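The structure appears right after this line, and notes come after that.
The values are calculated or read from the model by the stated rules, or taken from the named source; none is laboratory data. Since we're looking at a predicted model, the values are computed, not measured. In this analysis, Cβ positions are derived from the backbone assuming ideal geometry, glycine residues included, and neighbour counts consider all displayed protein chains. The accessibility values were calculated without ligands, DNA or RNA, using every heavy atom of the protein model including side chains. Shrake-Rupley method; radii C 1.70, N 1.55, O 1.52, S 1.80 Å.
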Amino acid sequence: MTDKSPDSKSQVQKSASQRTQSTAPSIPLSHQLQATAAVVQAVRAGRSLTTELTKVSPELRPGVQALTFQVMRQLGRAMALRERLANKAPPPAVDALLCTALALGWQGDGSPYPVHTLVNQAVEAARKQRQTQAQSGFINACLRRFLREREALVAETDKDPQARWNHPSWWVARVQDEYPEDWQKLLDMAQQPAPMSLRVDTRHYSVAEYQAQLQAMGLAAKQVGASGLQLERAVPVQQLPGFDLGHVSVQDAAAQVAAPLLLQGLEANRAWRILDACAAPGGKTGHLLACYPNAQILALDVDAARCQRIGENLQRLGVQAQERAKVRAADAAQPEQWWDGVAFDAILLDAPCTASGIVRRHPDVRWLRRPEDSAQLAKAQAQL
């Protein structure tokens, strides 16, 4: 599966250690761990990591985002360690804080902070939060034991596929079954953060011209596809020349293939009438506007909140984009509720899927999916 065009927040992720080192030192680590554990608890309850991060206060969000992404990538190991430290699962808030500390600390030298510091600050976080205060002693005991027995506990959890690969056991089994020769490589790759890719609007710059602008800023990039650049290191979008003017957009290289293919071989300048179904967050809508300069586009998504994201992206692309693309919150599977009866020349349907192809960029996906989801999503795709 191809990567969906993600939001700018997820695109600028660095490694957890890089991001947390840049966090303002005035913010205690215990506060960050509290907020991180709350997000982890929400994800384990079935809520989207991207959505939960928007609820974190702006001053905490960069550090919490970095820490949470690392926890998601190490949650299988953390859960296995917690099970060995406490046979009975503690209350959700306590469990989330314990797993957060274990996920961040189990690798030793690979941790974003010294392990003793993480343990001390996790206990401090427990003492200062109502949901965990009464069991701060329990958390302290578990983590102190972890410090004493870390090597033995990690060696023991190596036998657990979910801990070893940091994916649910059923996911590991399915990858083994479907890719018997490459399953380990695929699971290892899923642990690596995805690169940051850009799409240059070639109506403003050629790819080479924009690449030269990045080079002048000390940002190395290689060309991917017809109008894409992949950065050697991720940067905040505000640092990208012309981003606020819509001259460049953040979009995965795989996602950049869709719009040019839609009407490949046909006259691009015709006044096409295009439906972008399941359009949020709007990356492909913007690309359609660039590929087909006289097209009128209806961008549809069932989620009203995500439709706002489409509108924000169109606003960044300028007045003409807002005039040529209309956004509507509606279910593409029920055209009688939104269709005016006039046929479309082309439809781009990015149907809901398991999102296993974007697990590098959205590591919470592995913990949100269930074995039965594939069949249910296939039915939804057929309806659409």
Name the residues in the stretch 161-197 that are closer than 30 Å to residue 207 by Cα and either of a type in the set (Phe, Trp, Tyr) or buried (at least 19 other Cβ atoms within 10 Å of the Cβ) (or both), would you?
190, 194, 196, 197
All positions within the stretch 96-125 that are buried (at least 21 other Cβ atoms within 10 Å of the Cβ), over 15 Å from residue 30 (Cα atoms) and of a type outside the set (Gly, Ala, Ser):
106
Of 137, 110, 105, which residue is farther than 27 Å from residue 172 by Cβ and not polar (S, T, N, Q)?
137
Restricting the search to the stretch 207-247, which residues are of a type outside the set (S, T, N, Q), within 23 Å of the chain's Cα centre (by Cα) and under 21 Å from residue 310 (Cα atoms)?
228, 236, 237, 240, 243, 244, 246
Taking the stretch 338-367 as the region of interest, how many residues are open to solvent by less than 40 Å² (accessible area, probe 1.4 Å) and either polar (S, T, N, Q) or within 19 Å of the chain's Cα centre (by Cα) (or both)?
15
Filter the stretch 127-137 for residues that are under 29 Å from the mean Cα position of the chain (by Cα) and over 23 Å from residue 62 (Cβ atoms); which is most open to solvent (accessible area, probe 1.4 Å)?
131
Could you check the stretch 1-40 and list, in sequence order, the residues that are under 23 Å from residue 360 (Cβ atoms), open to solvent by 50 Å² or more (accessible area, probe 1.4 Å) and either modelled with pLDDT of 50 or more or among the hydrophobic types (A, V, I, L, M, F, W, C) (or both)?
1
Of everything in the stretch 312-324, what is open to solvent by less than 30 Å² (accessible area, probe 1.4 Å) and over 12 Å from residue 273 (Cβ atoms)? Give them in sequence order.
314, 318, 321
When you look at residue 144, is it among the basic types (Lys, Arg), open to solvent by 50 Å² or more (accessible area, probe 1.4 Å) and at pLDDT 95 or above, yes or no?
yes
